[in-house]
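Heads up: the structure comes next, in structure tokens.
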Amino acid sequence: MTDGNLPLTKRRIRRRKETNAFTLFEIMIVVLIMATLLNIALPNFISARNTSQTNSCIGNLQTIQNAKQEWAIDTNQAGTVTPTWTEISVYVNSANDSQPICPTSLQPYDFGAVDEAATCTVYPVTHVMPSW
């Protein structure tokens with residue numbers, strides 16, 4: 001008998017029995033391929049995250065340094081004076097007027113004197129503004 005001669009319900013039952021599923025071996029191969037791709041990609045994502053956090057920290061340091069310079073010019077201060085955040089916050093374009101923090105360590109920056117570069121308190125070696 002062919003499927004065409006069987007009633008509709010028996011044809012559906014027969015089709016369900018004929019459907020193939022993935023074997024355990026095939027599923028394990030797919031999982032192995034995904035794990036291999038993850039091992040290749042994950043270090044790149046971590047490296048990109050660290051690089052972007054470092055660049056963001058350096059950008060914050062440059063913003064603080066520019067704000068200190070503008071404050072010193074506007075208030076006729078000497079280069080040896082160290083401003084506070086409340087004094088230079090008006091020169092920083094910040095959405096919430098909070099003191100900027102290092103995105104890696106979540107710690108505030110050391111402003112230093114006007115003539116000195118602002119520094120990251122936790123990563124002073126790697127988070128450094130480029131010299132001019």
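Only the coordinates and a few stated rules stand behind these numbers; no lab work does. Just so we're clear, the structure is a prediction, and the values are computed from it rather than from any experiment. For neighbour counting, all protein chains shown are included, and Cβ atoms are generated from backbone atoms with ideal geometry for every residue, glycine included.
What size of dipole, in debye to the nearest 20, comes out for the stretch 26-120 about its Cα centre when the only charges are +1 on Lys and Arg C-beta atoms and -1 on Asp and Glu C-beta atoms?
Values: 2 positive and 8 negative charges, 64 e Å.
Charge dipole of the stretch 26-120: 300 debye, to the nearest 20.
I need the chymotrypsin sites (Phe, Trp or Tyr not before Pro) found in the stretch 17-118, filtered to DSSP loop residues with at most 12 other beta carbons within 10 Å of theirs.
On the way: sites: 22, 25, 45, 71, 85, 91, 109, 111; in loops: 22, 111.
Here the sparse-neighbourhood loop sites are 22.
What order do you get for 70, 26 when you list them from fewest to most C-beta neighbours inside 10 Å?
On the way: 70 14, 26 10.
With the sparsest Cβ surroundings first, the list reads 26, 70.
Over the Cα atoms, compute the radius of gyration (one decimal) and Dmax (the largest Cα-Cα distance, rounded to a whole number) for the stretch 26-120, in Å.
Gyration radius and largest Cα-Cα distance of the stretch 26-120: 20.8, 74 Å.
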